[in-house]
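J.: Following this message is one structure expressed as structure tokens.
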Amino acid sequence: IESMSGHAWSADAAGNFTYLSRRTLAYFGQAECNWQQAVHPDDYHRVAATWQHCLQTGDDFDIEHRLRRSDGAYRWFRNSGRPSRDDQGRITEWYGTAFDIEDQKQAEAALLERERELTQLVDMVPGHLWRLAPDGEPIFFNMRMVAFLGLDVADTNKPGMSRLAAMIEAAVHPDDAAAFGGALNRCLATGEGFVTRYRLRRADGAYRWMSSRAEPMRDQDGRVVQWYGLCHDIDDQ
């Protein structure tokens, strides 16, 4: 127990600590642990409520929270514990470990920030960005496209029709719909890039000329996994 990489602990049936490993005490920088002082103030009530629930029900204790290091810095931990029972099923002791997950949390935060920046970029691009499944079903419109059309992908659901067919019927000018659908279907079948011009219906009912392009994204075996497209307003031109 003393040589394990995590922080080991045990507690009696009432939840009072009966053991903390040397590594745990070294982390706190003291001979004993004051739980309320050790847990981050923003996490304490959540952790305490979860711990009380486990003491009352016997459920396993499993939670993520921040613990204060001896130098005052807080780091994220995954804290887990299980009860030990006697022959009558009564809880006699709790045994647990806390593992440092600070690096994982930092990586998750960085990933979320990159996703936020990418989402912002997609929505700020001065054009309509869209994504199709390999069979041509729309699966994503950026916010600028949603605002132009007055509908999102889910709004194209129509009984007895594919999303793509419903989208063409609802938004593409009737005089352009057949050519648009034919060109797109050829590209879906061959995997060639899609390039065309057509009129697209705005939310207020007006049609504007668009230049649209799409390219397939392929997996390692060369199979198309989805299509990425850009639709640019060329009506003034």
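The values are calculated or read from the model by the stated rules, or taken from the named source; none is laboratory data. These numbers come from a predicted model, not from an experiment. Here the Cβ is made from the backbone with ideal geometry for all residues, glycine too, and neighbour counts use every protein chain on show. Areas reflect the complete protein model, heavy atoms only, side chains present, ligands, DNA and RNA absent. Shrake-Rupley method; radii C 1.70, N 1.55, O 1.52, S 1.80 Å.
J.: Tell me, which helices (runs of 4 or more DSSP H) lie completely within the range 1-96 with 3 or more residues that are open to solvent by less than 70 Å² (accessible area, probe 1.4 Å) and touching a Ser or Thr at 6+ places or on another chain (Cβ under 7 Å)?
T.: Hits in the range 1-96: none.
J.: For the range 19-44, which positions are within 19 Å of residue 93 (Cα to Cα) and of a type in the set (Phe, Trp, Tyr)?
T.: Result: 19, 35.
J.: I would also like to ask the following. Can you tell me which residue in the range 97-119 is farthest from residue 56 (Cα to Cα), limited to those that are part of a helix (DSSP H, G or I) and of a type in the set (Asp, Glu)?
T.: Going through the qualifying residues, I end up with 117.
J.: Turning to a different aspect of this structure: For the range 170-222, give me each residue that is touching a Phe, Trp or Tyr at 6+ places or on another chain (Cβ under 7 Å) and of a type in the set (D, E, K, R).
T.: 176, 197, 199, 201, 202, 213, 215
J.: How many residues are open to solvent by 30 Å² or more (accessible area, probe 1.4 Å), among the small types (Gly, Ala, Ser) and either under 35 Å from the mean Cα position of the chain (by Cα) or within 18 Å of residue 226 (Cβ to Cβ) (or both) if we restrict to the range 178-210?
T.: Residues that pass the stated criteria total 3.
J.: Next up: Considering every residue within the range 99-122, establish whether at least one is open to solvent by less than 50 Å² (accessible area, probe 1.4 Å) and farther than 30 Å from residue 4 by Cβ.
T.: Checked against the condition, which is being open to solvent by less than 50 Å² (accessible area, probe 1.4 Å) and farther than 30 Å from residue 4 by Cβ, the range 99-122 yields at least one hit.
J.: Quickly run through the range 137-163 and pick out the residues that are open to solvent by less than 20 Å² (accessible area, probe 1.4 Å), at pLDDT 90 or above and over 22 Å from the mean Cα position of the chain (by Cα).
T.: 145, 149
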